[in-house]
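Notes for the one structure printed next.
The values are calculated or read from the model by the stated rules, or taken from the named source; none is laboratory data. In this text, all values refer to a predicted model and were calculated from it rather than measured experimentally. All Cβ positions, glycine included, derive from the backbone under ideal geometry; neighbour counts span all protein chains shown.
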Amino acid sequence: MPSASGPPACSRPPQGPVLLGPSAVMAGGTLDTLLERGVRAAGPDRTAVITDRGELSYGQLGTRAARLARHLTEVAGIGPGDLVAVRTLRTPDVLVAVLAVLRAGACFTVVAPDAPAPEALAEARAVISHRIHSGRLAPAPGRPLILLDGDAAAIDAHTPGEGPSGAAPDARAALLFTAGTTTGEPGPVPVPHARFAAAHTAWSEVFRLRPEDRVLLTAPPDTAAFTAGWIRVLGAGATLVLTAREPYTVADTDPVTALALMDRPGGPPDGLRLLAVGGERLRLDDHITLERRLPPGTGLISLYGPAEVAGCGTWFASNQLPGPVPDPERHIFLGRPFAGAGAEVRGGRIWLTPPDGGDAVPTGDLGRREDGGPLEFLGRAADRFRAQGRTIDPYRIEAELVTHPGVREALVDRDRDRTDGGRPIAYLVAEPGREAPDEAGVRAHLAAALHPAEIPGTVVRLTALPRTGAGRLDRTALVLPAARTAPVRAAGGKGGELTRDETLRVLGAFAMGLGLLLPIVLTEALWPGSTDLTGVPQPWAGLFVGLYVAEFLAFAAGAGFLVAGRALMPRRAASPGLTTATHLAIVYLLVAWWPQDNFYRLAAKNDWERQAALVYAFNIPLMIAAGVVAVWAMAAGRSEREKD
């Protein structure tokens with residue numbers, strides 16, 4: 001790991017005059033007015049956005065947005081304050097749609113077309129998308145579906161309107177969503193125009209963007225990081241670059257992508273003057289590594305700010321540190337607040353004040369500030385859990401794990417199948433050329449620093465930790481391993497050791513053997529004559545024998561699955577309760593056929609009491625069991641889609 005043997009290199013962005021056109025103080029301003037100033041600073045012919053599909057000048061972008069805005073107001077009936085959902089991620093169309101919504105005086109929100117619709121979208125007055133998504137985004141009464149390609153002729157027929165919308169500064173400009181990487185449920189966050197305008201002023205003092213800048217933005221369009229990024233760029237009249245194949249002077253990205261950009265053939269592009277890293281919090285050792293790999297004179301800053309403050313919270317450059325920091329891999333610094341914003345620690349928790357003022361909002365993050373230095377991150381409160389009578393802090397364990405020479409990244413989570421929290425589970429990514437430690441290696445490394453209850457009982461080695469499209473670590477995408485305990489000694493204490501998985505296989509095989517033997521032995525005793533095929537001609541008698549064999553085998557499989565199946569099921573596909581219910585449902589679907597068929601063969605057709613009892617004892621429960629399996633399968637499928 002890198003060490004800070006001296007003060008890290010200065011990461012201050014290059015000094016120079018701040019453009020007062022698009023970067024002027026916008027207290028009480030609106031987002032569309034800010035963007036109009038950016039257009040005037042750039043000029044209509046300057047390139048506004050570059051994508052893999054081509055580029056648009058500021059004039060072209062403005063014209064397309066103005067025509068769509070007229071379509072929204074005159075055809076879809078959109079007015080001030082209305083929410084419009086943009087359900088496409090295609091660029092630059094998503095920018096055209098967002099700018100059009102703002103020009104119409106409405107509020108935009110961007111949600112991936114294949115993502116489940118959040119409850120907040122119920123108030124949307126219109127949806128903007130493409131024809132390819134129209135099947136899953138059917139229009140509703142009073143909520144038209146506008147297709148940028150399918151309705152292109154009608155949209156282009158409008159005459160562009162003049163000027164910004166005139167929306168009030170305190171009106172909603174956007175409905176952003178939190179990342180949801182801890183709870184799995186993104187939360188809606190309304191952001192007013194004034195907050196974005198104030199944030200742009202604050203960002204301008206640090207980024208110092210000019211119209212000649214070309215800013216690479218890598219966050220997906222449905223993230224708060226993308227919204228903050230394009231506002232920074234277009235509000236300054238610069239060029240937004242949405243493909244790494246084009247040259248750029250500023251990179252606005254996440255830690256993993258930043259390192260990948262450094263590893264590209266030829267390294268970072270000539271003329272790179274600033275690297276801004278957001279999304280996931282950047283460890284100090286990674287900050288130092290990036291600084292050393294950047295061309296001389298290139299600034300490096302890391303950004304911190306949730307959706308509640310429009311992404312404008314704090315920023316960190318290594319020259320904010322008063323001196324060397326031992327063990328930089330143990331530290332994550334969030335830095336100092338942007339101009340107009342505020343950051344404070346209350347009871348160990350970080351609170352941020354938005355750049356436009358107002359009440360401080362809790363971030364859910366833990367932190368500290370010592371001796372007037374930069375704000376330091378100490379983990380998330382929601383990640384902590386109780387286990388063995390103690391509060392387990394994953395961040396504290398992770399900070400110790402990354403000091404191991406074989407560990408590049410570490411993430412610690414609770415065992416979500418255990419109601420008591422269980423032992424922590426460590427997910428490790430190895431340093432290049434090294435091997436991450438196993439359970440024994442982790443215990444040896446952590447024994448002197450942590451309480452025994454804090455030492456992970458299971459280690460999962462990964463090639464990379466799961467992240468969202470914006471680069472944030474995603475705990476909800478972790479796949480828990482099959483449960484493992486300490487080795488179980490074989491019978492008699494000799495002949496080696498069996499792991500729990502091996503023990504379950506042995507017990508499962510034994511249960512299957514017993515499950516096959518029981519029907520063979522007990523069928524005639526429990527249901528005399530139910531399998532008597534006397535008088536049944538061939539080949540029908542042979543077919544019925546095949547049925548009996550299938551019932552015996554299904555019963556045996558159900559017995560084996562009852563013993564060993566629960567531990568083999570994907571443990572993060574659904575909640576533990578649903579997974580357990582599915583386990584039992586599968587067992588019932590397998591074992592019920594043997595007793596059911598035998599009862600039915602001996603029941604008279606007009607014995608209504610017995611027939612009804614059999615229906616409610618077998619038929620209906622079988623339907624319910626199948627339904628439980630279907631629900632679990634849908635939950636598992638959704639988990640896989642969200643992970644992708």
Assigned by TED's automatic domain parsing to the domain that holds Tyr588, aliphatic (A, V, I, L, M), farther than 16 Å from Phe510 by Cα and without any contact (Cβ under 8 Å) to a residue 24 or more places away in the chain: which single residue out of Leu526, Leu547, Leu543 fits that description? Leu543
Any chance Glu454 is crowded, with 19+ Cβ neighbours inside 10 Å and over 30 Å from Leu176 (Cα atoms): yes
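Kindly provide the set of residues from segment 381-409 that are closer than 17 Å to Tyr427 by Cα, part of a loop (DSSP other than H, G, I, E, B) and not small (Gly, Ala, Ser), ordered by number.
Of the residues in segment 381-409, the ones closer than 17 Å to Tyr427 by Cα are 383-385, 392-409.
Remaining after also requiring part of a loop (DSSP other than H, G, I, E, B): 384, 393, 402-406.
Hits for segment 381-409 are Arg384, Asp393, Val402, Thr403, His404, Pro405.
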Only one of Gly21, Gly38, Gly62, Gly77 is farther than 17 Å from Val233 by Cβ and at pLDDT below 95; which? Gly77
Of all residues being modelled with pLDDT of 80 or more and surrounded by fewer than 21 Cβ atoms within 10 Å (Cβ to Cβ) in segment 459-470, which is farthest from Val442 (Cα to Cα)? Just the residue, please. Arg467
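Run down Ala339, Ala343 and say which single residue is touching a Leu at 6+ places or on another chain (Cβ under 6 Å) and either touching a residue at least 24 places away in the same chain (Cβ under 8 Å) or in a loop (DSSP other than H, G, I, E, B) (or both). Let's see the steps before the verdict.
On the way: Ala339 fails: touching a Leu at 6+ places or on another chain (Cβ under 6 Å).
Residue meeting the stated conditions: Ala343.
Name the residues in segment 603-618 that are surrounded by fewer than 13 Cβ atoms within 10 Å (Cβ to Cβ) and in contact with a helix residue (DSSP H, G or I) (Cβ under 9 Å, 6 or more places away or on another chain), would you? I'd like the intermediate steps shown before the answer.
Of the residues in segment 603-618, the ones surrounded by fewer than 13 Cβ atoms within 10 Å (Cβ to Cβ) are 604-609, 612, 615-616.
The answer is Ala604, Lys605.
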Going by what's in this entry, would Pro190 be described as at pLDDT 90 or above and either over 14 Å from Val75 (Cα atoms) or touching a strand residue (DSSP E or B) at 6+ places or on another chain (Cβ under 7 Å) (or both)? yes
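With under 30 Å from Gly271 (Cβ atoms) and touching a Cys at 6+ places or on another chain (Cβ under 6 Å) as the only criterion, which of Pro328, Pro355 stands out?
Pro355
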Name, by its number, the condition in (1) at pLDDT below 95; (2) crowded, with 21+ Cβ neighbours inside 10 Å that does not hold for Arg292. (2)
Quick check, is Gly266 surrounded by 17 or more Cβ atoms within 10 Å (Cβ to Cβ) and either of a type outside the set (A, V, I, L, M) or at pLDDT 95 or above (or both)? no
A careful count of residues in segment 295-325 that are closer than 28 Å to Glu400 by Cα and either out of contact with any Lys or Arg (no Cβ under 7 Å at 6 or more places or on another chain) or assigned to a strand (DSSP E or B) (or both) gives 17
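Return the only residue of Ala174, Ala179, Ala202 being within 28 Å of the chain's Cα centre (by Cα), closer than 30 Å to Asp383 by Cβ and part of a helix (DSSP H, G or I). Quick ask: steps written out before the conclusion?
Details: Ala174 fails: part of a helix (DSSP H, G or I); Ala179 fails: part of a helix (DSSP H, G or I).
Only one candidate passes the filter, namely Ala202.
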Could you identify the single residue in Leu478, Leu473, Leu498 that is under 28 Å from Asp413 (Cα atoms), at pLDDT below 50 and out of contact with any helix residue (DSSP H, G or I) (no Cβ under 6 Å at 6 or more places or on another chain)? Leu498
Quick check on this structure: which one of Asp356, Asp371 is part of a loop (DSSP other than H, G, I, E, B), buried (at least 22 other Cβ atoms within 10 Å of the Cβ) and either over 28 Å from the mean Cα position of the chain (by Cα) or among the acidic types (Asp, Glu) (or both)? Asp356
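Residue-wise test of (1) part of a loop (DSSP other than H, G, I, E, B); (2) touching a residue at least 40 places away in the same chain (Cβ under 8 Å); (3) within 28 Å of the chain's Cα centre (by Cα).
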| site | (1), (2), (3) |
| --- | --- |
| Leu234 | no, yes, yes |
| Asp252 | no, no, yes |
| Ala258 | no, no, yes |
| Leu272 | yes, no, no |
| Leu275 | no, no, yes |
